[in-house]
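Structure, as structure tokens:
The values are calculated or read from the model by the stated rules, or taken from the named source; none is laboratory data. As the structure is a prediction and not an experimental result, all values here were calculated from the model. Cβ sites come from the backbone with ideal geometry, for glycine too, and all protein chains shown count toward neighbours. Note: accessible area is taken over every heavy atom of the protein model, side chains too, but ligands, DNA and RNA are not part of it. Shrake-Rupley method; radii C 1.70, N 1.55, O 1.52, S 1.80 Å.
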Amino acid sequence: MKNKQFNIPIRPRRLRENKILRNLVRETFVTKHDLIYPLFVREGKKIKTEISSMPGVYHFSPDSILFEIESLLDLGLNKIILFGIPNHKDHIGSDAISKHGIIQKTIKTIKSNFPEVFIISDVCLCEYTNHGHCGIVKDDKIVNDETLKYLQRQAISHVESGVDMVAPSGMMDGMIKAIRTALDENSFVSIPIMSYAVKYASAFYGPFREAAESTPQYGNRKQYQMDIANSREAIKEAMLDIKEGADILMIKPAMSYLDIVQNIKKISNIPIAAYNVSGEYSMVKAASKNGWINETDIVNEILSSIKRAGSDIIITYFAKDFIKNMDK
Ligand code: PBG
């Protein structure tokens, strides 16, 4: 190819000649500031048990999670999202709103030992209900508006325990407005909401449901999570959540939904997060264990592409691995 006017050959390869040049012109960098690391916590003492479908990811008890937090901080990773697995589950998910619930206890323990950690909590009922659905069930239906009252109480309770940001993930209509109103009425005006605004009914959550013991006992989540084939509906959900007061919009899963990330980035003026979910993690780990892929390179490529598509923030089980290898 030639520049016609001056007859100069155009050589894109010139800027790929060496690493310094390549880094100089690189458009996207993933940094540790972008990453949020998910952690699972359950009742008990001295528990650190690997989740079989998610190698390198563990169930912790509130005491042993402190060692993990310390090693995250050593890596420069200071943002976590917590998922709690209570001993007792019932039809309304009582543990989710109890002062002594597993999440409330864990938030307090972490904050009193490591106040510098930024803690986000998942606000949803599925880990706490015996039926495994994300809301209150009546006559086999997940009842939207009644669920909102529980989500409000859950969010307040998390914030009273010391959480820095709440992340509602139940895909109930009006949940952001309900939670924002409840937080404001309780003087928590400065606590941000990261909304799981665009959450698909995805098979990529399989390993998480094993980890959180939150598989629906009957039916599925298609009545409230989005149809995997829809794109315009994502814009509708995102715009609604912006209006309702979301501070950050999350898209989930990430890898198969980068078109959605890019679309939302274009129409939104608030930060975007993408959740690189459990199934995406497990597939990479399995292929890597078999020696079929180069895990470090693949992880770098996955996280870079999520950022390139427009995500400012990435929630990922790869956060530790990525940081350990980022300068290699
Ligand atoms: C719901 C919730 C889920 C995930 C995060 N929050 C599961 C679901 O909706 O079924 C999935 C995350 C992952 O797969 O890593 N509380």
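A few comments on the model shown:
- Rg/Rh ratio calculated on Cα atoms of the range 70-220 (Kirkwood radius): 0.96
- Computed across the range 1-56, the Kirkwood radius stands at 17.1 Å (inverse of mean 1/r, all Cα pairs).
- In the chain, helices alone account for a calculated mean residue ellipticity at 222 nm of -11500 deg cm²/dmol, with every DSSP H run of four or more residues adding -39,500 (n - 2.57).
- Relative to the longest principal axis of the Cα atoms of the chain, helix 102-113 runs at roughly 60 degrees.
- Cα-based Rg and Dmax for the range 87-136, where Dmax is the largest Cα-Cα distance (Å): 12.2, 36
- Dimensionless Rg over Rh [the range 26-90; C-alpha; Kirkwood]: 1.06
- Cβ-based net charge around N130, under 13 Å, with every Lys or Arg adding one and every Asp or Glu removing one: -3
- Simple spin-label estimate for D173 and K45 in nanometres, 7 Å along Cα-Cβ: 4.9 nm
- Relative contact order [Cα under 8 Å, 6+ residues apart], the range 134-281, whole percent: 23 percent
- FRET efficiency estimate (nearest 0.05) - Cβ-Cβ, D184 to D140, R0 30 angstrom: 0.30
- In the assembled protein chains, F6 presents an accessible area of approximately 130 Å² (probe radius 1.4 Å).
- The residues of the chain expose, per residue, 48 Å² of accessible area to a 1.4 Å probe.
- 0 to 90° range, to nearest 10: angle between helix 144-161 axis and the chain longest Cα axis: 80 degrees
- Taking every lysine pair in the range 198-306 that is 8 or more places apart or spans two chains, those with Cα atoms closer than 26 Å amount to 21.
- With all pairs of different C-alpha atoms in the average, the Kirkwood value for the hydrodynamic radius of the range 200-328 is 15.8 Å.
- For the range 161-242: Kirkwood Rh in Å [reciprocal of mean 1/r, alpha carbons]: 14.4 Å
- For the chain, the carbon plus sulfur part of the accessible surface works out to 51%, probe radius 1.4 Å.
- Beta bridges assigned by DSSP with both partners in the chain are antiparallel in approximately 20 percent of cases.
- Alpha-carbon centroid distance for the pair the range 168-185 / the range 240-294, whole angstrom: 21 Å
- P(r), alpha carbons of the chain - 10 Å bins starting at zero, rounded %: 6, 25, 35, 22, 7, 3, 2, 0
- Under the criterion of Cα pairs below 8 Å and six or more residues apart, the relative contact order for the chain equals 17 percent.
- Taking 0.36 nm per residue of separation and subtracting the Cα-Cα distance, full extension of the segment from E17 to D90 would add 20.1 nm.
- The C-alpha atoms of the chain define a longest principal axis, and helix 65-75 lies at about 20 degrees to it.
- The range 1-146: relative contact order in percent, alpha carbon pairs under 8 Å with at least 6 residues between: 19 percent
- Of V123, S53, H91, farthest towards positive along the dipole that unit charges on Lys, Arg, Asp, Glu beta carbons give the range 20-129: V123
- DSSP beta bridges in the range 80-167 [antiparallel fraction, %, rounded to 5]: 20 percent
- For the range 32-148, the spherically averaged projection of the C-alpha convex hull amounts to 8.3 nm².
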